[in-house]
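All remarks here apply to the structure that follows.
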Amino acid sequence: MSNSWSNWSGFVRAEPKLIATPADTNELAELVRTAPGPLRVVGAGHSFTPLVKSEGTIVSLEKIEGLVSHDAARHQARVRAGTRLGPLMHLLQGIGQGLPNMGDIDRQAIGGALGTATHGSGPKLGAYHTQLETVQFVDGLGKLREFTKAADPEMIHAIGVALGAFGIFTEVTVNNIATYRLRRRKWVLPIAAMLRDFETMMRAHRSAEFYYIPFSGYAQFIASDLSDAATTPRPTEDDEAGLRTLRRLRTALRWLPSLRRRLILGAIAKLPAEDYVQDWLNVYASDRQTRFNEMEYHLPFEEGPKALAEIIELTEKRFPEVYFPMEVRSVAADEFWLSPFYKRPTCSIAIHQDAANDPLPFMRAAEPIFRKYGGRPHWGKMHSLKAADFKKLYPRWDEAMAVRRDIDPQNRFVSPYMAGLFGIET
Ligand SMILES: Cc1cc2nc3c(=O)[nH]c(=O)nc-3n(C[C@H](O)[C@H](O)[C@H](O)COP(=O)(O)OP(=O)(O)OC[C@H]3O[C@@H](n4cnc5c(N)ncnc54)[C@H](O)[C@@H]3O)c2cc1C
């Protein structure tokens with residue numbers, strides 16, 4: 001009987017010999033020692049790159065989940081790495097803790113989010129891996145090991161962005177904050193004004209991001225700030241309805257750009273302004289139903305507006321089929337060796353293509369623009385980079401590879417795709 005696996009978008013598919021769901025770390029360690037290789041660990045399969053693809057074994061930690069313990073005074077929680085962010089939010093809220101920030105969705109496993117440097121937006125807010133205090137993992141020989149930041153900060157920095165290749169994380173202790181409330185506001189403004197005031201607007205809020213609506217000339221800005229006010233209802237999500245409208249106009253009017261723009265502006269004018277206060281866990285995540293593929297590059301913060309202007313021009317000149325809004329965020333610099341935010345305040349720009357369209361022509365055309373501005377790709381989103389490119393982008397690349405060899409001396413976690421990323425001959 002064959003096993004089939006595919007990622008969320010359906011673009012990456014695999015026929016592994018085995019899909020395993022170990023019940024505990026002992027079973028996991030036994031699999032690492034004996035299951036057909038290569039062994040790739042899956043979180044929720046929400047990455048767009050073939051990180052999880054394996055013709056050997058795909059290991060899911062869906063049974064290794066939940067809260068292990070917590071420290072109320074330090075706002076720390078130790079959780080099993082298969083825990084999904086959705087349930088995790090509720091577990092944390094129950095013990096008076098909150099994740100300092102989140103991305104667009106809450107479907108990922110914490111191990112998977114750490115695996116690709118998953119991030120939200122905020123000039124002073126780091127990606128999930130910056131919360132790491134302790135990592136317990138099974139190494140490539142099937143041995144259970146643990147590093148803590150207090151005793152060995154270098155090792156936490158070396159392995160924190162894990163890519164499923166620095167051991168399989170089993171438990172992590174994360175530094176959280178006390179539960180909090182956010183006031184969230186959304187409004188629309190011309191993209192020219194957004195690009196002109198980019199730095200001020202992105203730095204003026206605890207968390208700020210915007211979406212450029214292609215072929216419209218307008219952006220939707222989203223700002224979140226701490227609030228002590230009473231909660232007010234979060235408005236019903238309108239993103240999916242908005243996407244349906246943009247897709248309809250794309251399909252009917254792709255060769256009539258001025259009419260397309262006029263009708264998009266009409267739809268934008270009807271968008272209700274949003275302004276509400278909610279507990280942190282009710283603010284960040286959206287329900288993404290329309291499947292897409294995505295490329296996201298992390299650029300030096302100040303290069304964001306120039307790069308975005310070029311991406312918009314490319315899209316509107318050459319890719320009329322594109323209708324997904326482009327997402328622009330900021331992320332704080334950090335010290336993790338394989339973090340795209342390594343020592344660099346960042347502006348992240350994400351482009352999307354409907355899963356029904358071939359994403360490659362658009363992504364291939366956009367990538368040189370991102371690279372020209374010194375972009376580092378999101379590990380979980382489409383890119384074409386290989387080891388030689390990463391070596392130039394990551395100052396501690398060689399040291400990271402040496403740590404990886406120590407953790408996985410027999411290359412148990414190295415699939416053909418990972419071999420290309422790491423420059424390993426197989
Ligand atoms: C609709 C949608 C919205 C998204 N929004 C955002 C966003 O807002 N911000 C952002 O940064 N990204 C975003 N992403 C990308 C996504 O967050 C990342 O690709 C993330 O890694 C997916 O998590 P996952 O649990 O599905 O991991 P998977 O895709 O299953 O795995 C990702 C990597 O982590 C490794 N891994 C998984 N578990 C472990 C473990 N226990 N130990 C070691 N390694 C492990 C895997 O081997 C793989 O290399 C989005 C993706 C989708 C589909």
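Multiplying the residue separation of K372 and Y180 by 0.36 nm and removing their Cα-Cα distance gives an extension gain of 65.2 nm.
Evaluate the relative contact order of the stretch 125-256 (contact order divided by residue number), counting alpha-carbon pairs under 8 angstrom at least 6 apart; express in whole percent. It would help to have the intermediate numbers written out before the result.
Details: 150 pairs, mean separation 26.1, N = 132.
Once divided by the residue count of the stretch 125-256, the mean separation gives 20 percent.
Evaluate E = 1/(1 + (r/R0)^6) for R196 and L265, where r is the Cβ-Cβ distance and R0 equals 22 Å; express this FRET efficiency to the nearest 0.05.
Working: r = 20 Å, r/R0 = 0.90.
The computed FRET efficiency comes out at 0.65.
The equivalent ellipsoid that matches the C-alpha gyration tensor of the stretch 67-178 spans semi-axes of 21, 15, 14 angstrom, in descending order.
Computed over protein heavy atoms with a 1.4 angstrom probe, the accessible surface ordering of H90, H378, largest first, is H90, H378.
What value, in deg cm²/dmol to 500, does the helix sum -39500 (n - 2.57) over DSSP H runs of n ≥ 4 give at 222 nm once divided by the residues of the chain? Before the final figure, lay out the partial values.
Values: 13 runs with 126 residues, N = 426.
Here the helix-only value at 222 nm equals -8500 deg cm²/dmol.
Please go through the residue pairs K343/K381; K186/K317; K306/K343; K186/K372; K53/K143; K317/K386 and name each one whose alpha carbons sit more than 26 Å apart in this structure. Correct reply: K186/K317; K186/K372; K317/K386. Mean-square fluctuations from a GNM of the chain, with a 10 angstrom spring cutoff on Cα atoms, peak among D238, D354, D104 at D238.
Shape of the stretch 212-341 from its Cα gyration tensor (a ≥ b ≥ c, root eigenvalues): rounded if a/c is under 1.5, otherwise prolate when a/b > b/c, or oblate? Because a/c hits 1.5 or more and a/b fails to exceed b/c, the stretch 212-341 counts as oblate. 3J(HN,Hα) couplings calculated from phi for the stretch 301-314 with the Karplus curve 6.51 cos²θ - 1.76 cosθ + 1.60 (θ = phi - 60°) are, in sequence order, 3, 6, 7, x, x, 5, 4, 5, 4, 5, 5, 5, 4, 4 Hz; Gly and Pro show x.
Would you mind giving the average projected area, over all directions, of the Cα convex hull of the chain in nm² with one decimal? Let's see the in-between values first.
Details: hull surface 79.9 nm².
It is 20.0 nm².
A 1.4 Å probe run over the stretch 67-178, with the rest of the protein chains in place, finds 31 Å² accessible per residue.
Work out the P(r) tail for the stretch 103-247: percent of alpha carbon pairs separated by more than 27 Å, whole number.
41
The separation of the stretch 53-67 from the stretch 347-385, counted between C-alpha centres, amounts to 27 Å. Would you mind checking the stretch 180-208 for residues with the amide N under 19 Å from a putative spin-label position 7 Å along Cα→C-beta of K317? The answer is 192, whose backbone nitrogens lie closer than 19 Å to the label point.
Computing FRET efficiency as 1/(1 + (r/R0)^6) for S384 and T290, where r is the C-beta to C-beta distance and R0 is 25 Å, gives about 0.50.
Among residues other than R261 whose Cβ falls under 13 Å from its Cβ, what is the net charge (Lys/Arg +1, Asp/Glu -1)? Around R261, the charge tally is +3. Between the listed residues L163, M326, L61, the Cα displaced farthest toward the positive end of the dipole of the chain, a dipole computed from Cβ unit charges relative to the Cα centre, is found at M326.
Counting only heavy atoms of the protein chains and using a 1.4 Å probe, S258 has close to 90 Å² of accessible surface.
Quick one: of the DSSP bridges fully inside the chain, what percent are antiparallel, nearest 5?
On the way: 67 of 75 bridges.
Antiparallel: roughly 90 percent of the beta bridges in the chain.
Return the FRET efficiency for the residue pair K63, R405: r is the Cβ-Cβ distance, R0 is 25 Å, and the value is rounded to the nearest 0.05. Numbers along the way, then the final one.
Numbers: r = 30 Å, r/R0 = 1.19.
Here the calculated transfer efficiency is 0.25.
Of the residues T25, T245, T57, which exhibits the maximal mean-square fluctuation in a Gaussian network model of the chain defined by a 10 Å Cα contact cut-off? Checking each option, the largest mean-square fluctuation is seen for T245.
Pairs of Cα atoms nearer than 8 Å and 6+ residues apart set the relative contact order; for the chain it is 18 percent. Put a plus charge on the Cβ of each Lys and Arg, a minus charge on the Cβ of each Asp and Glu, and nothing anywhere else: the dipole of the stretch 181-377 about its Cα centre is then about 560 debye. Ligands, DNA and RNA excluded, the heavy atoms of E154 present near 80 Å² of accessible surface to a 1.4 Å solvent probe. For the stretch 264-407, the Kirkwood radius over C-alpha pairs fed into Stokes-Einstein at 37 °C and 0.692 mPa s yields D = 191 µm² per second. Comparing G304, G56, G217 in a Gaussian network model of the chain (Cα springs below 10 Å), the most mobile by mean-square fluctuation is G217. Note that the stretch 181-377 presents 42 Å² accessible area per residue, ligands and nucleic acids not counted, probe 1.4 Å.
Summary of packing: across the peptides 116-123, 417-424, the per-residue average of other C-beta atoms within 10 Å ranks them, highest first, as 116-123, 417-424. For the chain, give the percent of accessible area contributed by carbon and sulfur heavy atoms, probe 1.4 Å, rounded to a whole number. Answer for the chain: carbon and sulfur cover 53 percent of the accessible area. Each residue of the stretch 103-118 was assigned a 3J(HN,Hα) from its phi angle through the Karplus curve 6.51 cos²θ - 1.76 cosθ + 1.60 (θ = phi - 60°); the sequence is x, 6, 9, 10, 8, 5, 7, 4, x, x, 5, 5, x, 10, 6, 4 Hz, with glycine and proline shown as x.
Summing charges over all other residues whose Cβ lies under 11 Å from the Cβ of P16, with Lys and Arg as +1 and Asp and Glu as -1, gives +2.
State, as an integer percentage, the relative contact order of the stretch 181-377 based on alpha-carbon contacts under 8 Å between residues 6 or more apart.
Working: 333 pairs, mean separation 50.5, N = 197.
In percent, rounded to a whole number, it is 26.
The values are calculated or read from the model by the stated rules, or taken from the named source; none is laboratory data. As the structure is a prediction and not an experimental result, all values here were calculated from the model. In this analysis, Cβ positions are derived from the backbone assuming ideal geometry, glycine residues included, and neighbour counts consider all displayed protein chains. Just so you know, the surface numbers come from the protein's heavy atoms only, side chains and all, with ligands and any DNA or RNA stripped out. Shrake-Rupley method; radii C 1.70, N 1.55, O 1.52, S 1.80 Å.
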